[in-house]
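One structure is given below, encoded as structure tokens.
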Protein chains: 2
Amino acid sequence: MDKPYVIGIDMGGTNTAFGIVDRRGEILFRDSISTLGYTKGEDYVNDLGNAVNDLIEKNNLKGLIKGIGMGVPNGNMNDGTVENAANIPWAKGIVVPLAAMMGKKTGLPCSLTNDANAAALGEMAYGAAKGMKDFIVITLGTGVGSGIVSNGQLVVGHDGFAGELGHVRVIRENGRICGCGRTGCLETYASATGVTRTAREFMEIQPERASVLREIQHRPITSKDVYEAAKKGDKLAIEIFNFTGRILGEAFCDFVAFSSPKAFILFGGLSHSGSFLIDPLKKAMEDHMLNVYKGKTEVLISKLNDAEAAILGASALAWE
Amino acid sequence: MDKPYVIGIDMGGTNTAFGIVDRRGEILFRDSISTLGYTKGEDYVNDLGNAVNDLIEKNNLKGLIKGIGMGVPNGNMNDGTVENAANIPWAKGIVVPLAAMMGKKTGLPCSLTNDANAAALGEMAYGAAKGMKDFIVITLGTGVGSGIVSNGQLVVGHDGFAGELGHVRVIRENGRICGCGRTGCLETYASATGVTRTAREFMEIQPERASVLREIQHRPITSKDVYEAAKKGDKLAIEIFNFTGRILGEAFCDFVAFSSPKAFILFGGLSHSGSFLIDPLKKAMEDHMLNVYKGKTEVLISKLNDAEAAILGASALAWE
């Protein structure tokens, strides 16, 4: 009989959460350890492996676990390694074979991928992309991440690092400076951070325009502030979302010309901005889509609970 | 024993060429029929099927053919249909199940795809992409076409029409008008036609600049003229290629962020422009590539003979 459970591990910079997941995408049991304080990958794997084994044994599921999937910053699915992960001291400047190490420690098959790819697999296994073979998950958080599925498979590329759609350059001339060292990247416009940059720009360029956003003093404006202002009918806030949605929608047209997905699935903080973001996004897609693709690609919001999605996404890798 | 030969059919607007191909990509026997003069798909399929059957029988290869692959304008690999093909009167406004019709007529399994996808399969089976699982073929002709392979499979999308990279919009503001009805598409800059548009623009903007291209009167300038001028050291012609290569190279950086291919394989007339095109293209890729991908992706010129590539590409589909 095929084993009925998998382990999903969401490795974050501060915390590593994991759970035992069934075929329907229910997290039956969960636990976590701190990611902080480790200087050697071996020590981290030792503690994490022990914690995972404990959770399995405590719940009498030994022998019933098919495998482990991990979502890891900068994780490379092709070879199961992690390399230059931000905020992970033991993976700075070296390549750590994390999947192999966890496999050895737990005695279970272990694979890993990056967070956005894990999110895409989670959507395909349990979420909005169930039954789809071609779709793109776009995570709209501090940055913009992406997980691309084509013909039922993750697009990982020859080096395992495909799918950095947040770093497609949408503005070639005088684009915003990006954390990657280049300019005009999608994520400088269409992330939560991008929205706050747009807010600052719009307020500066139009000093005479009234906006409730001007009442926010002594702390930086957040994308949530812009959302709350838009809900109150603040015209400047609504324009900020129009601008954001338009840039994202035009970029989506280019992504469609690449892999012609059945749907974009939006995930992360900014995806909860409702019609303020979605309406201008869809309008831009209608206005700028190549004829052959017009009206074919849906824009969906992830149905996965934000708190559980990372574990679920990672766990989906273990079914593959 | 696995059957040792396949049929490749290259359906063009005026001529349909086909051949019997072996595993090494050698076209052993070939023939052609006119594509013109048919008002019904049935009549075309009848004549083409007869001609194919004749070629097989004449060479005593009955029973040794594994299948038929067709490269067809606007061909949809997902369902083997052709729809709204330019210059094909019997496929205007209707969906024709061409692969199924040819299969029935010849008694051989038949699949089809569009020209650029066929080119990609041809490169993978017999050409520069042999052994690669992730690459992108870019055809630089009158327009810009593309065939994308990810994880060893063609990226065809949910509707079969993925891979229109010539219609990625590289200039968002005041871009050139494209035949697709939109503006700023890659093919308005990086095709043979794009090069001649750049030539006209550059000569108009800088009326005082001397160039041998100005000696061409009473007929439109071609991209070949620009190439010949560049070879003579004409500075304006060299600048035209610099501009073209830079736009193409910047677009390639975005494509890498999507599927991280091991190589771009350039095919078609403009790909024979040598270092005039390739040098600025590679420089733009170095200058604008996201760090994680830097120096990893090759730019290769197709090794397939232009005259044979279309039949070979189509034939590769039959091995799949």
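Which residues, counting only those in segment B:198-233, are surrounded by 18 or more Cβ atoms within 10 Å (Cβ to Cβ) and of a type in the set (D, E, K, R)?
The answer is B:Asp225, and nothing else.
Considering segment B:90-140 alone, what residues qualify as being away from chain A (no Cβ under 14 Å), touching a Lys or Arg at 6+ places or on another chain (Cβ under 7 Å) and not aromatic (Phe, Trp, Tyr)?
Residues satisfying the conditions are B:Gly127, B:Ala128.
Taking the conditions exactly as written (more than 19 Å from the chain's Cα centre (by Cα) and assigned to a loop (DSSP other than H, G, I, E, B)), does A:Asn50 satisfy them or not?
Criteria not met by A:Asn50.
I need the full set of residues from segment A:135-153 which are surrounded by fewer than 24 Cβ atoms within 10 Å (Cβ to Cβ) and more than 8 Å from the chain's Cα centre (by Cα), in order please.
Passing the criteria: A:Thr142, A:Gly143, A:Asn151, A:Gly152, A:Gln153.
Which residues, counting only those in segment A:257-280, are buried (at least 21 other Cβ atoms within 10 Å of the Cβ), within 19 Å of the chain's Cα centre (by Cα), without any contact (Cβ under 8 Å) to a residue 60 or more places away in the chain and assigned to a helix (DSSP H, G or I)?
Selection gives A:Leu277 alone.
Could you list all residues from segment B:2-12 that are modelled with pLDDT of 95 or more and open to solvent by less than 30 Å² (accessible area, probe 1.4 Å)?
The answer is B:Val6, B:Ile7, B:Gly8, B:Ile9.
Are any of the residues in segment A:299-307 over 13 Å from the mean Cα position of the chain (by Cα), acidic (Asp, Glu) and not in a loop (DSSP other than H, G, I, E, B)?
So far as segment A:299-307 goes, no, none of its residues is over 13 Å from the mean Cα position of the chain (by Cα), acidic (Asp, Glu) and not in a loop (DSSP other than H, G, I, E, B).
Can you pull out the residues in segment A:80-114 that are within 20 Å of the chain's Cα centre (by Cα), outside any loop (DSSP other than H, G, I, E, B) and surrounded by fewer than 24 Cβ atoms within 10 Å (Cβ to Cβ)?
Correct list: A:Thr81, A:Glu83, A:Ser111.
Please enumerate the residues belonging to segment A:294-317 that are farther than 27 Å from A:Leu112 by Cα and surrounded by 21 or more Cβ atoms within 10 Å (Cβ to Cβ).
Within segment A:294-317, just A:Thr297 meets the criteria.
Taking the condition of being more than 26 Å from the chain's Cα centre (by Cα) and on the phi < 0 side of the Ramachandran plot, how many residues in segment A:206-228 meet it?
Adding up the residues that qualify gives 13.
Filter segment B:13-45 down to the residues that are open to solvent by 50 Å² or more (accessible area, probe 1.4 Å), out of contact with any strand residue (DSSP E or B) (no Cβ under 8 Å at 6 or more places or on another chain) and outside any loop (DSSP other than H, G, I, E, B) and list them by number.
B:Glu42, B:Asp43
The values are calculated or read from the model by the stated rules, or taken from the named source; none is laboratory data. Quick caveat: nothing in here was measured; it's all calculated off a predicted structure. Cβ coordinates were reconstructed from backbone atoms using ideal geometry, including for glycine residues, and neighbour counts include every protein chain displayed. Heavy atoms of the whole protein, side chains included, go into the accessibility calculation; ligands, DNA and RNA do not. Shrake-Rupley method; radii C 1.70, N 1.55, O 1.52, S 1.80 Å.
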